[in-house]
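Report on the following structure.
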Amino acid sequence: MARSINESGSSWVFPDGPLEEIASRCDVITAASLVGSCKFYHDSATQSVALPASQPFGMPCVLHTHQTEVPPAHNPFYRVHKFKQEGAQKDKQHDAKDRKGTLCQLTPLDRISSDAVIPDGGTGMWAGANGDWIALLGFPWNWELVNVYTGRRIPLPPISEFKSTPDKLVFESNDQHLQLLKIAICRVPTAASNYTSFSVLAIFNAAIAVLHCASSRWTVLDNQFLAYGYSDAIIHKGIVFAVTQTGEVYAWNQLSWGPLLISTAPIPPELDEQGRYNLGSWWLARSPDGSRLFLVHTWGVTDGRDYTGLVRILPAAATSEGRHGRTIRGYGKGLLGCEVYSMDTSQLMPPRPWRRIISLGSYSLFLGVNYPIIIPVEDGAEHDRPNMARSNSVYTSHHAVGLAYPPSPEICRFSLNSEDCTVGFQTNIRWTWRQVPLWLIPSFANARQWNLPSRHRLCRGGGDGHLEALTGDNINLIAAHLDVTYTVRLAACSRELYDMISKDEGKMHHWDEPCLLMPPPAYWFDEHWDVARTSRLHDTVYDLVPLDHPRRSVALPFMHDRKWLGANGDWIAAADHHEWCLVNVYTERHIPLPSLPDSKIDHSSFSYQPAYSFNWGPAIDLLKIVICEVPTKAGHYSDYKLIALFDKTIFYLEGGGDWRMLEALTPAPDYPNYCDAIELRGHVFAVDETDGSTYFWDTANENLMLPFVIPPPVVDDQQYAWFLAPSADGKRLMIILTVNKIGIANAEVPPDIPYAANGLQLRQYPPVATYVFELDPLSTARAGDFLWRQVNSLGDHSLFLGLNYPIIANLKKRESKAPDGTLVPFMRKNCVYTAYRNIRYNQYPKILRCNLQPDEGETVGVISLPKDGWDSVRQAAMWFKPALNIARSVLPLKKQ
């Protein structure tokens, strides 16, 4: 595959290498799948230094429900495969299991939480995990093992001795109700066994069942001695061990004997006297070398219920500290505790005694619904504070699936160092969790065994970049997680990738559709900018919001400490405290712009302010930069035309030249009050907000003589917001005016209507007068007769006006009205959409849609953005159309 090289000879597609660039912008599950897609990437990943820094590979993480309820339309894995469900002639049952996914949250102990997409069974409930595999529960008896990286599914047979009930966790056997606690995946399926050999325990409150092969039957392990319910179970050296809620440990050898009570609870006398073990949990695990059986007892963690007769309340935290977007609480000694015991099980008749373990050395235990994990953990410090990940510790989560109340604290770290206190935190889902949290260590260590879609083994790939080794499903899933700019970069790698992404069969991308480019919601709602920043990758990641589809992110690294001033096509005009510049959104090509002439502008008076405040007789404020013509490769990126629109004056710039002031020579203090400007057919047009008069200058004239003045199309006492735009064919000038103030009687504010499609808040306002007029300014100027003609319909087009250069979008496939008279779908033809008119105008909440041919009583649709925190947002929302054109412009001439 040929590399994509721009005109300067340097690669803008993936300058730091495709693997690191793509993987760092995917969620960790998708990144691991990418690594396993071909031998080239697998070998590169094992030697990469940057990849572990960008993804939490090898780190213990909590996998839990996403903090928001995500409908299927927002689920990338679901969207990738949805079109196949609708059109494929396949077995329906297979498709139902194989074509959905879940957007989750992955919380490393010492990093900010991030999104993760794992295969799911739709309504499946997590019931266990081990390595690359999770156990999913459906109804009825729709149990299966699922590989989180490849989506491979292994159905598990029902337990014939048990009868299902309407509750997927409750079963009946001999008139006894059995509550499923979890499924322990003791031995995972492997490619060597053709994924048919494994060991699984179904742990109920009063029963244990074991399964060793998908084609065999469950074996229910009887226990006539059981007095209290089970708490945990594992398989150790071929023997099934189970611990009860009061600490008794039983053992079964399926071939010869069982059950055998090998011990009672080894509770220290001081705990036994206080009765704390009644509120504790019992866990089983194996030593790091697999030679000994571990018994772990944790106590003090409660679940908020009223324990009548027990002198026990929710433990109070002694310390509290915010870290990585979550609150870590410390608990004093004696409130929560943990003991670890060890037994040599080589002799069970009679059994050997338990021995208290006072140190795990460099190892730590991770216990929960997942199979126990014991791994070495490095101690470290961050900003002079100990990490949450520590050695010689025991970490716990939920001890069973389907708890009525989550434990508190939900995630605990018990240190076996006597001087350390217990710490814990809650996941960000609080009481709304749907899935039980699992411990998961993201890894691609087993990538050589993964059976990815359409591939039976790890392939070698082909070409220079080896991206052809990825299947269409891989590309769609990866592109769904990349931000828009890096999706374009991925498409620019080869014609094959461009074709895959441009076809967009999964309907994940909405190219050439106007979207709102705006700061993410966290920047609006949080009290402090730094607080908001902790919940995002960095402060140069913005939201790109289609009007009827899920929002996507767009990375604009060049916007660090900059403010955008305008946009057109792929280009953004931006400013910092020192300069103005043009920057390409996708290639990040940077074009510095010359300073305004000192003879016209006094810079020194406002040296402490950003580069958009100046002094010119009166103080003037920059409203926006209008990018009339964008720079092109054919013009050596010097063929651009810009307008610097101030409230009282205008400057015009052609690439390679200097700014020229366009003067109207109106006497002070009656300066024009400009509000919009464009360039059309070699002339600059600017509209005065005071009365709608339009000035225009001939830019071909070196001296830029005094302008013509076109009278407004409407003269009345109404206050209008005025916009200028070219017609769809680029020959005529259009002027658009809407009523400047909208509202309802008594200044009432209509309620927000959440729009699930993209997370925006909508409002309905009474009808607003909106008019569009047009004229041919050059022919009318020669005739000396300026007559505006009213445009009653835009046909299949809609106008998108604001800080950006006017966008005239062809929406032929869209309706002009909602069939049921509602606000949605919000994108319609024959409408005028307005956003923020300049970088300074806080026009809350005036981002609206006006139909040029409304029905009687039809309301105006308004997008309501938060008013609070405007100063911290720093960027005014504007319209932007993502496009793949630039990717095609740098592709090789033929397929490689």
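The values are calculated or read from the model by the stated rules, or taken from the named source; none is laboratory data. Keep in mind that what you see is a predicted model, and the values were worked out from it rather than measured. Heads up, the Cβs are rebuilt from the backbone with ideal geometry, glycines too, and the neighbour counts pull from every protein chain shown. SASA here: full protein model, heavy atoms, side chains in, ligands and nucleic acids out. Shrake-Rupley method; radii C 1.70, N 1.55, O 1.52, S 1.80 Å.
Of all residues in the range 154-177 being outside any loop (DSSP other than H, G, I, E, B) and closer than 16 Å to F139 by Cα, which is most open to solvent (accessible area, probe 1.4 Å)? By that ranking, first place goes to K163. Restricting the range 330-363 to residues that are among the charged types (D, E, K, R) and part of a strand (DSSP E or B) leaves a set whose member that is surrounded by the fewest Cβ atoms within 10 Å (Cβ to Cβ) is R356.
Which of the strands (runs of 3 or more DSSP E) found entirely inside the range 618-660 contain at least 2 residues meeting this: open to solvent by 10 Å² or more (accessible area, probe 1.4 Å) and modelled with pLDDT under 90? Step through it out loud before you land on a result.
Numbers: elements: 619-629, 641-646, 650-654.
Filter on the range 618-660 gives 619-629.
Applying the selection to the range 162-196, what residues are among the polar types (S, T, N, Q) and within 33 Å of the chain's Cα centre (by Cα)?
Residues of the range 162-196 among the polar types (S, T, N, Q): 164-165, 173-174, 176, 179, 190, 193-194, 196.
T190 - this is the single residue of the range 162-196 that is among the polar types (S, T, N, Q) and within 33 Å of the chain's Cα centre (by Cα).
Scanning the range 191-226 for residues that are surrounded by 14 or more Cβ atoms within 10 Å (Cβ to Cβ) and among the β-branched types (V, I, T) yields V200, I203, I208, V210, T219, V220. Does Y586 meet the test of being modelled with pLDDT of 65 or more, assigned to a loop (DSSP other than H, G, I, E, B) and surrounded by 21 or more Cβ atoms within 10 Å (Cβ to Cβ)? For Y586, the condition - modelled with pLDDT of 65 or more, assigned to a loop (DSSP other than H, G, I, E, B) and surrounded by 21 or more Cβ atoms within 10 Å (Cβ to Cβ) - is met. Quick check: is even one residue across the range 119-126 farther than 26 Å from L547 by Cβ, at pLDDT below 60 and open to solvent by 10 Å² or more (accessible area, probe 1.4 Å)? Looking for residues that are farther than 26 Å from L547 by Cβ, at pLDDT below 60 and open to solvent by 10 Å² or more (accessible area, probe 1.4 Å), one finds at least one in the range 119-126, hence yes. Within the range 793-814, residues that are over 17 Å from I736 (Cα atoms) have Cβ atoms under 6 Å from residues that are assigned to a strand (DSSP E or B) and not hydroxyl-bearing (S, T, Y) in these pairs: D796/N810; N810/H797, counting only partners at least 6 apart in sequence or on another chain. Based on this model, can you work out whether I710 counts as over 39 Å from the mean Cα position of the chain (by Cα) and modelled with pLDDT of 90 or more? It is true that I710 is over 39 Å from the mean Cα position of the chain (by Cα) and modelled with pLDDT of 90 or more.
Taking helices (runs of 4 or more DSSP H) as the structural unit, those lying wholly within the range 6-70 and holding at least 1 residues that are touching a helix residue (DSSP H, G or I) at 6+ places or on another chain (Cβ under 6 Å) and either at pLDDT below 75 or open to solvent by 40 Å² or more (accessible area, probe 1.4 Å) (or both) correspond to 18-25, 39-47, 50-54. Taken over the range 139-150, residues that are part of a loop (DSSP other than H, G, I, E, B) and open to solvent by less than 10 Å² (accessible area, probe 1.4 Å) amount to 1. Only residues that are open to solvent by less than 20 Å² (accessible area, probe 1.4 Å) and at pLDDT below 85 were counted across the range 255-267, and they come to 1.
One line per residue, one yes/no per condition, for (1) open to solvent by 10 Å² or more (accessible area, probe 1.4 Å); (2) among the aromatic types (F, W, Y); (3) under 28 Å from Y637 (Cα atoms); (4) modelled with pLDDT of 80 or more:
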| site | (1), (2), (3), (4) |
| --- | --- |
| K503 | yes, no, no, no |
| Y523 | no, yes, no, no |
| T534 | yes, no, no, no |
| R552 | yes, no, no, yes |
| K563 | yes, no, yes, yes |
| A573 | no, no, yes, yes |
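One residue alone among I475, I411 is modelled with pLDDT under 70, crowded, with 19+ Cβ neighbours inside 10 Å and of a type outside the set (F, W, Y), and that residue is I475. Selection of the range 842-874 for residues being modelled with pLDDT under 60 and touching a Ser or Thr at 6+ places or on another chain (Cβ under 7 Å) yields only P845.
Scanning the range 386-405 for residues that are in a strand (DSSP E or B) and touching a residue at least 40 places away in the same chain (Cβ under 8 Å) yields V394, Y395, T396. Within the range 193-242, being within 30 Å of W450 (Cβ to Cβ) and not in a strand (DSSP E or B) holds for S193, N194, Y195, T196, A214, S215, S216, R217, W218, K237, G238.
Within the range 218-241, the set of residues being within 42 Å of the chain's Cα centre (by Cα) and of a type in the set (K, R) is empty. Looking across the range 536-550, the residues that are surrounded by fewer than 20 Cβ atoms within 10 Å (Cβ to Cβ) and at pLDDT below 85 come down to R536, L537, H538, D539, T540, V541. Scanning the range 761-776 for residues that are under 12 Å from V714 (Cβ atoms) and in a strand (DSSP E or B) gives T770, Y771, V772, F773.
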